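Participant: Let me begin by handing over the structure; questions about it come next.
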Amino acid sequence: MKKYFLLLLVFTAIWTPQFAQQRIPLPEKADVTKDITLEGIWKNYTYYARGVRGFNFLNDGKSYTRLESGKVQQYDFLTSDLVGTLFDSESLQEKINYSDYTFSDAEDKMLLTTESESIYRYSSRANYYVWDRQSDELEPLFDEGKQMYATFNPSADKVAFVYQNDLYIRDLMSGKVTRVTSDGDYNNIINGATDWVYEEEFALVRAFEWSPDGTKIAFLRFDESEVKEFMMQLYKDELYPENVTFKYPKVGEKNAIVSAHVYDLSNGKLVKIETGDQADQYLPRIQWTPNGELCVFRMNRHQSQLDLLIADTATGKTKTLYTEKEDAYVAQGILDNISFLQDGKHFVMTSERDGYHHLYLHNMKTGKQMKQLTSGDWDITNFYGIDEANQMAYYQAAKASPMRKHVYSVDLKGKSTQLTKEEGTNNATFSNTFDYFILNHSTINTAPTYGIYDRKGKLIRALEDNKRISNLQEEYSTAPMEFFEFTTADNVQLNGWMLKPADFDESKEYPVFMYLYGGPGSQQVTDGWKGQNYWWFQMLAQQGFIVACVDNRGTGARGEDFKKVTYLQLGHYETIDQIAAAEYLGGLSYTDKDRIGIFGWSYGGYMSSLCLLKGNDVFKAAIAVAPVTSWKWYDTIYTERFMRTLAENEDGYKNNSPVYFANQLKGNYLLAHGIADDNVHYQHAVEMSNALISANKQFDTYAYPNRNHGIYGDNARLHLYTKMTNFLTDKLMNDDSPVGGETRP
């Protein structure tokens with residue numbers, strides 16, 4: 001099965017109101033043609049960089065399709081000429097509005113997605129239609145209600161899907177629908193799809209896979225009957241709010257019991273796969289090997305051990321092919337970086353076993369390592385797959401610097417070649433045959449460009465140059481973002497970027513605004529485009545701020561030791577490093593050390609809260625959006641991966657949760673949260689507010705009804721950034737701004 005992909009820029013953006021008078025002389029406003037506005041960023045998307053939507057590489061290796069105005073159009077790679085229209089909804093007797101399409105392996109059929117509705121971060125349900133290219137017939141897949149994750153089998157004569165927590169199969173030849181499972185029940189049993197925590201933390205939603213010959217289907221079953229429920233309220237102009245409940249396992253609480261099963265279509269037999277006696281474990285992936293064996297991925301609850309189990313699908317018995325153990329936790333990237341080769345003799349995977357994330361070739365029979373394909377003091381940051389016909393693997397890595405990424409190939413003997421030339425961030429999406437790839441290239445100061453390249457890295461054709469953005473940068477007189485590095489008192493070298501006003505005057509003192517995320521394996525200090533945030537940062541610089549960002553210990557692309565030093569004490573070293581960064585920035589001759597603010601969202605909000613509280617003599621203001629305020633209120637998989645349970649690590653939780661340091665607030669604190677946040681629950685903001693009230697500390701807080709973790713929709717994002725910008729103006733620009741931690745007279 002192949003699904004068209006979207007090459008879209010991920011954005012988190014921002015804007016600019018007029019600022020009040022600053023307390024000390026700052027440079028006069030630059031001679032800019034226009035002022036950047038928040039409405040331009042968040043309402044009108046004036047500065048939004050274009051992506052390339054709806055590409056689907058075809059099997060011929062010479063063409064691709066795109067979805068344009070209800071048509072699936074086929075284009076030639078080399079010339080960009082329109083080859084033909086593969087599907088046109090206008091030609092149907094009954095027109096349908098579809099948002100997505102999926103080809104069968106042979107490209108003789110398509111699944112069309114209509115009326116899609118999102119559930120959580122990745123999950124959705126929709127009405128699907130099956131279109132047969134030869135007969136030109138279109139028919140609905142299922143007429144009893146919206147389905148989830150409709151997927152062709154390899155021969156495209158059957159489609160599997162999930163409906164109301166049960167797994168179904170429709171035979172496209174006879175029209176017969178088989179209900180594989182019958183115990184599905186909301187907030188109780190799920191078959192073929194995942195629960196909330198697997199979706200969020202393992203990025204897994206479709207929990208079924210067809211065998212290579214299409215005669216069997218493997219799936220996961222979730223028994224979440226013992227998982228405790230969480231309730232959110234939605235406000236819809238009714239007499240009473242709507243209560244939404246879902247299963248959400250918090251630290252140390254019961255997880256769903258997950259089991260693996262195989263259904264044989266030839267005889268209707270359902271076999272349970274043996275995964276050991278321990279029920280309190282994770283099965284984060286299932287994957288068929290080319291020879292028809294099922295591989296079940298198994299992890300212990302601490303996520304410090306990964307086992308690859310090979311199952312006999314007739315009996316359910318398993319044997320362990322490979323085991324990876326870590327003192328802390330196994331890198332999550334490994335879950336999607338295991339490829340079983342068609343020869344049935346080898347598999348390729350990534351691992352951090354030598355201290356950096358690298359690529360390895362293994363024996364399929366014994367599981368033993370045969371060769372380390374890449375090596376060095378640098379990390380692979382993305383694994384694209386294996387071109388078996390040419391015995392090549394493709395990957396992205398941060399070889400020269402953790403801030404810059406290139407695309408590489410390596411043969412199965414270990415000879416590596418760099419395919420991209422321009423410095424910055426290079427992301428690739430390869431065709432099925434690996435003959436071509438679409439390259440997304442950007443730098444911190446240049447918007448993404450897109451082009452088609454051949455397997456040797458030669459540009460075939462440009463797709464999008466985003467020249468419009470460079471014109472806007474000139475029109476709005478944006479300033480360049482610059483990289484810097486410094487060494488902390490702990491002798492740790494940290495990387496950062498800084499943005500100064502376009503009319504920067506080194507003889508003046510500027511307030512400093514710091515942005516961060518800081519979570520395990522993440523990166524913000526990269527030589528890549530910052531999306532809509534770029535324009536907010538530029539807007540703040542126009543108004544006289546110096547904007548800066550530093551990646552603390554625990555972040556990615558610097559090896560295992562740098563990343564995992566935060567194990568069992570999330571927030572500890574990160575806060576030390578961010579305080580050190582603020583002190584470094586405040587010590588520059590052109591900054592005002594008494595006017596430093598910091599902002600973060602989610603993990604970044606957790607960090608900005610800790611920085612203001614533990615660094616109360618360094619930071620004057622902090623903004624925390626949707627922050628974790630105590631890890632004991634977050635989910636099992638994420639939190640226990642880095643902290644273990646509260647019972648095992650009470651000090652680690654107690655010493656690094658903002659809610660326990662509310663009495664240390666001296667500066668100005670803005671706390672914003674979505675009431676319908678299914679991820680970091682509004683509970684975090686309420687408990688933090690309660691602690692601040694108990695400590696008699698003044699603070700600002702905004703609650704966003706019906707908004708989830710992203711806080712968007714119906715002007716919500718614009719509203720939030722208006723408040724944040726005004727808050728920064730008032731607290732860091734004004735001469736007489738009161739200290740938020742103190743009661744106003």
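Participant: Quick one: if you stick a label point 7 Å off each Cα along the C-beta vector at Asp264 and Ser507, how many nm between them?
Facilitator: For Asp264 paired with Ser507, the spin-label model returns 8.7 nm.
Participant: Moving on. With the Cα gyration tensor of the range 601-745 giving a ≥ b ≥ c as the square roots of its eigenvalues, does the rule (a/c under 1.5 for rounded; else a/b larger than b/c for prolate; else oblate) give rounded, prolate or oblate?
Facilitator: In terms of gyration-tensor shape, oblate.
Participant: Let me ask something additional. Roll a 1.4 angstrom probe over the protein heavy atoms and tell me the percent of accessible area of the chain that is carbon or sulfur. Spell out each step's value before the answer.
Facilitator: Working: 13400 of 30260 Å².
So the carbon and sulfur contribution to the accessible surface is 44 percent.
Participant: Still on this structure: Would you mind putting 97-108, 136-147, 317-328, 507-518 in packing order, based on average other-beta-carbon counts within 10 Å, highest first?
Facilitator: Working: 97-108: 17.1, 136-147: 13.5, 317-328: 15.6, 507-518: 23.0.
Most protected by this proxy first, the peptides run 507-518, 97-108, 317-328, 136-147.
Participant: By how many nm would the segment from Asp280 to Glu423 lengthen if fully extended, with 0.36 nm per residue of separation less the alpha-carbon distance?
Facilitator: Working it through step by step, the gained length comes to 46.9 nm.
Participant: Here is a further query. Please report the net charge: other residues with Cβ closer than 11 Å to the Cβ of Ala328, K and R +1, D and E -1.
Facilitator: 0
Participant: Which distance in nm do the two modelled labels at Asp35 and Arg353 give, with both placed 7 Å along the Cα-to-Cβ direction?
Facilitator: 6.0
Participant: Additional query: Could you run the Karplus curve 6.51 cos²θ - 1.76 cosθ + 1.60 with θ = phi - 60° over the range 286-292 and give me ³J(HN,Hα) per residue in whole Hz, x for Gly and Pro?
Facilitator: Running phi through 6.51 cos²θ - 1.76 cosθ + 1.60 with θ = phi - 60° gives 10, 8, 7, 8, x, 8, x Hz.
Participant: Given 0.36 nm per residue, what is the gain on full extension from Gln683 to Asn390 after removing their alpha carbon distance, in nm?
Facilitator: 100.1 nm
Participant: Helix-only mean residue ellipticity at 222 nm, the chain, DSSP H runs n ≥ 4 weighted -39,500 (n - 2.57), per residue, nearest 500. What is it?
Facilitator: -4000 deg cm²/dmol
Participant: What full-extension length gain, to one decimal in nm, is calculated for Asp143 and Asp76 as 0.36 nm per residue of separation minus the Cα-Cα distance?
Facilitator: Taking 0.36 nm per residue and subtracting the Cα distance, the gain is 20.4 nm.
Participant: Taking H as built 1.01 Å from N, whose amide H comes closer than 5 Å to the amide H of Trp288, not counting residues under 5 places away?
Facilitator: Result for Trp288 returns Cys295.
Participant: To continue, here is another question. Label the range 480-555 by shape, choosing from rounded, prolate and oblate, from the square roots a ≥ b ≥ c of the eigenvalues of the Cα gyration tensor; if a/c is under 1.5 it is rounded, and otherwise prolate applies when a/b is larger than b/c, oblate when it is not.
Facilitator: oblate
Participant: By its C-alpha gyration tensor, with a ≥ b ≥ c as the square roots of the eigenvalues, how is the range 37-107 shaped: rounded for a/c under 1.5, else prolate for a/b larger than b/c, else oblate?
Facilitator: Details: a/c = 2.61, a/b = 1.56, b/c = 1.68.
Oblate is the answer for the range 37-107, as a/c is 1.5 or above yet b/c matches or exceeds a/b.
Participant: May I ask for the distance between the Cα centers of the range 369-388 and the range 157-184, given as a whole number of Å?
Facilitator: 39
Participant: At R0 = 25 Å, how high is the FRET efficiency between Asn291 and Tyr122 if r is their beta carbon distance? Nearest 0.05 is fine.
Facilitator: 0.25
Participant: Now for a different question. For the pair Tyr240/Glu482, report the inter-label distance in nm, with labels modelled 7 Å from Cα in the Cβ direction.
Facilitator: Result for the modelled spin labels: 6.2 nm.
Participant: Which lysines, if any, have their Cα less than 17 Å from the Cα of Lys530, not counting same-chain residues under 8 positions apart?
Facilitator: Correct list for Lys530: Lys405, Lys467, Lys500.
Participant: Over the range 75-218, what is the relative contact order in whole percent, taking alpha-carbon pairs under 8 Å and six or more residues apart?
Facilitator: Numbers: 252 pairs, mean separation 19.3, N = 144.
This gives 13 percent for the range 75-218.
Participant: Accessible area per residue, 1.4 Å probe, Å², for the range 312-448: what's the number?
Facilitator: 41
Participant: Next up: How much FRET efficiency would the formula 1/(1 + (r/R0)^6) give for Ser69 and Ser174, where r is the Cβ-Cβ distance and R0 is 30 Å, rounded to 0.05? Don't jump to the answer; show the numbers that get you there.
Facilitator: Working: r = 35 Å, r/R0 = 1.17.
FRET efficiency, Ser69 to Ser174: 0.30.
Participant: I need the calculated FRET efficiency for the pair Asp60 and Asn300, taking r as the beta carbon distance and R₀ as 60 Å, to the nearest 0.05.
Facilitator: Computed FRET efficiency for Asp60 and Asn300: 0.85.
The values are calculated or read from the model by the stated rules, or taken from the named source; none is laboratory data. A quick note: this is a predicted structure, and the numbers were derived from the prediction, not measured. Here Cβ is always computed from backbone atoms with ideal geometry, including for glycine, and neighbour counts include all displayed protein chains. Quick note on the areas: whole protein, heavy atoms, side chains included, nothing else; ligands and nucleic acids left out. Shrake-Rupley method; radii C 1.70, N 1.55, O 1.52, S 1.80 Å.
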